[in-house]
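The values are calculated or read from the model by the stated rules, or taken from the named source; none is laboratory data. A quick note: this is a predicted structure, and the numbers were derived from the prediction, not measured. Every residue, glycine among them, receives a Cβ derived from its backbone with ideal geometry; neighbour counts consider all protein chains shown. Quick note on the areas: whole protein, heavy atoms, side chains included, nothing else; ligands and nucleic acids left out. Shrake-Rupley method; radii C 1.70, N 1.55, O 1.52, S 1.80 Å.
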Amino acid sequence: MKITFYLVRHGETLFNHLGRMQGSCDSPLTERGIAQAYETADQLKDIWFDRIYSSPSERAWNTADIIAKDREVQPVLLSGLHEMSFGRLDGARHTTHEEEIRRCQESLDYSSAGGESPAMMEARIRNTLRTIIDESEDGDRILLVGHGMYQICTMK
């Protein structure tokens, strides 16, 4: 069976702009982030998607909603697509907790801060992808709207 996945990261958020850690916590898209979502929608306009799945975070959901506008398929929220949890570092400024943030970022492991390790996140994402594959048919094109740590953690 052949399924084609397209992965889109959400647009810029307020926390991105303010230099805050943003894992499982959420912040809204900025004006630039909204514009990025519309640009992405335009770049994908000629691609048919059989299904669109989104992380439940507001930033991903809003991005998915913009991309899905004027399409026959609407986004479906999947909790397993949420961003990596940074534990107590979620929402922290990069300038505070500098040493702890640096250690976690170097290893991509936030379990010492009460968050997820790469293995935990990879298992969650793989289980979610298995569910999507089980619901799909040969030749389907699937859009996933989510977060940047998916790629980083699964390629390490």
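Could you tell me whether any residue of the range 125-133 is more than 21 Å from PHE15 (Cβ to Cβ), in contact with a Leu (Cβ under 7 Å, 6 or more places away or on another chain) and assigned to a helix (DSSP H, G or I)? Yes, the range 125-133 has at least one match. Applying the set (1) closer than 25 Å to THR4 by Cβ; (2) free of Cβ contacts under 8 Å to residues at least 24 places away in the same chain; (3) open to solvent by 70 Å² or more (accessible area, probe 1.4 Å) to ASP138 leaves exactly one unmet item: (2).
Looking across the range 54-70, the residues that are out of contact with any Lys or Arg (no Cβ under 9 Å at 6 or more places or on another chain) and open to solvent by 40 Å² or more (accessible area, probe 1.4 Å) come down to PRO56, GLU58, TRP61, ASN62, ASP65, LYS69. Surrounded by 15 or more Cβ atoms within 10 Å (Cβ to Cβ) and among the small types (Gly, Ala, Ser): is that true of SER111 in this structure? Considered against the rule, which asks whether it is surrounded by 15 or more Cβ atoms within 10 Å (Cβ to Cβ) and among the small types (Gly, Ala, Ser), SER111 comes out as yes. Remark: pairs (first residue in the range 51-78, within 12 Å of ARG9 (Cα to Cα) and without any contact (Cβ under 8 Å) to a residue 12 or more places away in the chain; second residue polar (S, T, N, Q) and open to solvent by less than 20 Å² (accessible area, probe 1.4 Å); Cβ separation under 8 Å; 6+ apart in sequence or on different chains) are absent. If the condition is being outside any helix (DSSP H, G or I), open to solvent by less than 20 Å² (accessible area, probe 1.4 Å) and under 23 Å from SER54 (Cα atoms), then the range 75-102 contributes PRO75, GLU83, MET84, PHE86, GLY91. Note on the range 2-34: residues that are in contact (Cβ under 8 Å) with a residue 60 or more places away in the chain and either under 16 Å from the mean Cα position of the chain (by Cα) or open to solvent by less than 30 Å² (accessible area, probe 1.4 Å) (or both) total 13.
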